[in-house]
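See structure below.
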Amino acid sequence: MIRLIDVYKEYDNGTKALKGVNLRIDDGEFVFLVGPSGSGKSTVIKLITAEIALTEGRLMVNGYNLNNITPRQVPYMRRTLGIIFQDFRLIEKKTVYENLSFAMRAVGASNREVRRRIPYVLKLVGLEQKADRYPGQLSGGEQQRVAIARALVNNPSMIIADEPTGNLDPQRSLEIMMLLERINELGTTVLVVTHEKNLVNRFDKRVVAIENGRIMSDGTGGYYNGEKI
Amino acid sequence: MARRFDAGYYLSEGVHSIFTHGFMSFAAVCMIVACLLIMGSFTLVAVNLDKNLGDLENENQLAVYIDESYTEEKALSLEEQISQVPNVTEITFESKKTALENWKAKYSDVDLMDNLPDDAFRDRFYVHMDNIELIAQTKQDLEAVSGVANVVAAVEIAEGFVMVRNIATGVALVLVGILLVVSLFIIANTIKLATFYRREEIAIMKMCGATDGFIRWPFVVEGLALGLAGSLVAFFLQWGIYQLVAKNIVQSNGLSLMTMISYVSMVDVILPVFCGVGVLIGVGGSLIAIRKFLQV
């Protein structure tokens, strides 16, 4: 569960990125966080992943109070999250399997756990035949599937996808979004940050719109850009 | 799922990384070798200089002249008393007769000495000291011994040796210290460059929830291995260079008076020191280099 209460964020250069944001995402939800560039979407993600600290307000992430989290606790908090980026961020010198095992070993998984978990996750994202390929040998859509598999491999309670379809064509984008929807149906909370209106509008999900550092709308079954909410 | 310490993983990742980033590893080893060779060469020069100065110091002795009224037996009886004076390590007796013979042998071509009486010289002791810095005090203590007529000591020369030796040691220590810091800086930058290529990997690990310790260990292993490899290469190169220089010094006209310490006799010191310094700059450089990338 994520809870932002009256959260303000002002960067060192004086930019006020968030101005009193209140947001609650419960376990099992699928939420789109939408808004134009510079609206504060990325700041919300960076706050949730503890990349930056908030200026004012309260923030809870999966049972961790980020207001007084210690540096030692941050890695353990991050293990409850699976993060997907627009540019995939795969390690080019490692195969698909090695990219996933790298993520598992990073949290101390044993070889046995790695061997048991990776085939299951690769099957889930439809890449069980491409475990030995390198990222450069895969299409953009497939690379993003690997990134999703990597986010899932440590069994997080929440997936955060930051513009996951930004580098993909409409068809691949739809496939990725359907995959995330399936993952959500299996019980994982999903937060998708995007500004792709058409894509959001194809799914009947909760949409939180942020603009100029404030939540402008928040509704389930609504549409992006205030067309219905 | 989380385990506290996975030595096998750190070892395999660290060693694997050396080969996957081959060029940077090579550059780091070269830097360690260069730093160790510069430090090692300078230290070896300082050690040899120190030894040669030490030899010259040892040749610096005090002459303790015994009262003329003392017979040889009586003069010899002072030996125990003189040997108990602080800082005295070795004493040699020379009777007035032997002293005269030695004098005559040395200046055989000077006929002025031909008719000297047998008691023209005094009985004397030649005294060597433990610490040449205390020469003035030792001279004073010896003069206080009853029966000692005079003590001749080249106090200024001895103090000159002490000063040269202290300056040489001080300069060597300062230079080695500076070189060590410079080496650490160069290695840190070399490894930082290597780490820069891997910042993405580190960022991914951080985002997956890896602890700083987990990320750091493979780099420590890598730094350790590179440090050891560099140390061993530097050790053998230093050996070759030292042998070459020593051979040239021994064969040269101007420097042939210098005695060189054999490299083999110093192996038990050089090897551990090279390994220690290599590991220090390898691991230290790794830790300094990675620090910045851990702040995600």
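If I stretch the segment between B:GLN84 and B:ILE38 completely, what's the gain in nm (0.36 nm per residue apart, minus their alpha carbon distance), one decimal?
On the way: separation 46, 0.36 × 46 = 16.56 nm, distance 4.53 nm.
Full extension of this stretch gives 12.0 nm more.
In this structure the amide hydrogen of A:ALA161, modeled in the peptide plane, comes within under 5 Å of the amide hydrogens of A:ILE84, A:LEU191, A:VAL192, A:VAL193, none closer than 5 places in sequence on its chain.
Phi angles across region B:126-132 convert, under the Karplus curve 6.51 cos²θ - 1.76 cosθ + 1.60 with θ = phi - 60°, into 3J(HN,Hα) values of 9, 10, 9, 10, 6, 10, 5 Hz, Gly and Pro given as x. Remark: spin-label model distance B:VAL181-B:LYS51 equals 3.1 nm, labels positioned 7 Å along the Cα→Cβ axis. The alpha-carbon of A:LYS16 sits under 15 angstrom from the alpha-carbons of these aspartates and glutamates, leaving out residues fewer than 8 places away in its chain: A:ASP6, A:GLU56, A:GLU211.
Quick one: order A:ILE148, B:ILE91 by neighbouring beta-carbon count within 10 Å, fewest to most.
Values: A:ILE148 24, B:ILE91 18.
With the sparsest Cβ surroundings first, the list reads B:ILE91, A:ILE148.
Applying the Karplus relation 6.51 cos²θ - 1.76 cosθ + 1.60 with θ = phi - 60° to region A:52-68 yields 3J(HN,Hα) values of 10, 9, 6, 8, 8, x, 10, 9, 10, 10, 6, x, 9, 8, 6, 5, 10 Hz, where x marks Gly and Pro. The separation of region A:93-137 from region A:151-222, counted between C-alpha centres, amounts to 23 Å. Among the lysines of chain B, pairs that are 8 or more positions apart or on different chains and have alpha carbons within less than 28 Å of each other number 17. If exposed GluC sites (Glu not before Pro) are those in a DSSP loop with at most 12 other Cβ within 10 Å, what is the longest stretch of chain A that has none? In chain A, the maximal stretch lacking such sites is A:93-226.
Could you point to the residue in A:GLY140, A:VAL74, A:ILE84 farthest towards the positive end of chain A's charge dipole, with +1 and -1 charges on the Cβ of Lys/Arg and Asp/Glu respectively? Looking along the dipole axis, the top candidate is A:VAL74.
About its Cα centre, the dipole of the protein assembly as shown is roughly 4720 debye, where the only charges are +1 on Lys and Arg Cβ and -1 on Asp and Glu Cβ.
Output the DSSP H helices from chain B with an along-axis C-alpha extent of no less than 27 Å and a mean Kyte-Doolittle hydropathy no less than -0.5.
Span-like helices, by this rule, are B:22-59, B:155-197, B:212-251, B:263-291.
Using 0.36 nm per residue of separation minus the Cα-Cα distance, give me the extension gain between B:TYR126 and B:PHE19 in nm, one decimal. Don't skip to the end; give the middle numbers.
On the way: separation 107, 0.36 × 107 = 38.52 nm, distance 6.51 nm.
Length gained, B:TYR126 through B:PHE19: 32.0 nm.
Cβ crowding within 10 Å ranks B:SER17, B:SER41, B:SER231, B:SER69 as B:SER69, B:SER41, B:SER17, B:SER231, fewest other Cβ atoms first.
Over the C-alpha trace of chain A, radius of gyration and Dmax come out as 17.4, 50 angstrom. The alpha carbon convex hull volume per residue for region B:133-223 rounds to 135 Å³. Judged by the ratio a/c of the largest to the smallest principal axis of the C-alpha gyration tensor, region A:1-52 counts as prolate, that ratio being 1.5 or greater while a/b is larger than b/c. Taking a ≥ b ≥ c as the square roots of the eigenvalues of the alpha-carbon gyration tensor, the protein assembly as shown is classed prolate because a/c is 1.5 or more and a/b outweighs b/c. Amide H to amide H, with H built 1.01 Å from N, A:ASN67 comes under 5 Å of A:LEU59, counting only residues 5 or more places away or on other chains.
Split chain B at each of the trypsin sites (Lys or Arg not before Pro) in a DSSP loop with at most 15 other beta carbon atoms within 10 Å, and the longest piece is B:5-296. Answer with one residue from B:VAL277, A:SER173, B:VAL220: the one whose Cα lies farthest towards the positive end of the charge dipole of the protein assembly as shown, charges on Cβ with Lys, Arg +1 and Asp, Glu -1. Projecting each Cα onto the dipole axis, the largest value belongs to A:SER173. Between amide H atoms placed 1.01 Å from N, distances below 5 Å from A:LEU18 occur with A:LYS9, all of them 5 or more places distant or on a separate chain. Treating r as the C-beta distance of A:GLU185 and A:TYR76 and R0 as 22 Å, the FRET efficiency rounds to 0.25. Panel order for B:ASP268, B:ASP67, by other beta carbons found within 10 Å of each beta carbon, from fewest to most: B:ASP268, B:ASP67. Placing a label point 7 Å from the Cα of B:ILE261 along the Cα-to-Cβ direction, the residues of region B:154-183 whose backbone N falls under 20 Å of that point are B:161-180.
Rule-based calculations on the coordinates, nothing more; no lab input. In this text, all values refer to a predicted model and were calculated from it rather than measured experimentally. Every residue, glycine as well, gets a Cβ built from its backbone with ideal geometry; the counts of neighbours run over all protein chains shown.
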